[in-house]
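Taking it in order: structure first as structure tokens, then the write-up.
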Amino acid sequence: MDVTNWHGLCLLEDILSKGLQPSVVTFANVAGAHRQALPDELEGILSSMADKGVIPNKVFIETFLGALFPARLTAAWTVDDVRIRRKGTSRDRLRVVKSVLKDAESRGVRLTQLSSLTEQYLQQLNI
């Protein structure tokens, strides 16, 4: 775990130790600090979020996707654009992405265009 990941987790643990309720914004910031984290560390953020009853929103989903993917998705307007920018992403990370998108949809989160394109890309890969 790199220093940035550690700081994000320390922030979350500090909030929890003080008996405060973290919000979706807290979790989005923690996820954003975990851009180099392993997929299981990112899944741990999701577990903590679920344990605290925090429901993801579009901003959280976009931030979480940014943490999972090594390349930025600026100007990704088609599934092909997403494919080009996702090249080299491990299947483990892609599985976490699919899980996050599926969970968000099941909770009624309306996906952004970028999230929808990412979902279509994952369907093409049969993930």
Check your understanding: So which residues in region 91-116 are within 14 Å of the chain's Cα centre (by Cα) and among the charged types (D, E, K, R), if there are any at all?
Key -> 92, 93, 95, 98, 102, 103, 105
Point to revise | Restricting region 99-127 to residues that are outside any helix (DSSP H, G or I) and of a type outside the set (Ser, Thr, Tyr), the residue that is nearest to residue 86 (Cα to Cα) | key: 125
Point to revise | Single match in 50, 67, 37, 76 (criterion: hydrophobic (A, V, I, L, M, F, W, C), more than 17 Å from residue 10 (Cα to Cα) and outside any helix (DSSP H, G or I)) | key: 76
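Regarding residue 31, is this residue more than 26 Å from residue 16 (Cα to Cα) and either part of a loop (DSSP other than H, G, I, E, B) or touching a helix residue (DSSP H, G or I) at 6+ places or on another chain (Cβ under 7 Å) (or both)? Explain how you work it out, then say what you get.
Values: more than 26 Å from residue 16 (Cα to Cα): no; either part of a loop (DSSP other than H, G, I, E, B) or touching a helix residue (DSSP H, G or I) at 6+ places or on another chain (Cβ under 7 Å) (or both): yes.
No; evaluated as a whole, the condition is false for this residue.
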Check your understanding: In region 102-125, which residues are exposed (fewer than 13 other Cβ atoms within 10 Å of the Cβ) and in contact with an Asp or Glu (Cβ under 9 Å, 6 or more places away or on another chain)?
Key -> 102
Check your understanding: Which of the residues spanning region 63-94 are at pLDDT 90 or above, of a type outside the set (Asp, Glu) and surrounded by fewer than 16 Cβ atoms within 10 Å (Cβ to Cβ)?
Key -> 78
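The values are calculated or read from the model by the stated rules, or taken from the named source; none is laboratory data. None of the values given here were measured: they were computed from a predicted structure. Cβ coordinates were reconstructed from backbone atoms using ideal geometry, including for glycine residues, and neighbour counts include every protein chain displayed.
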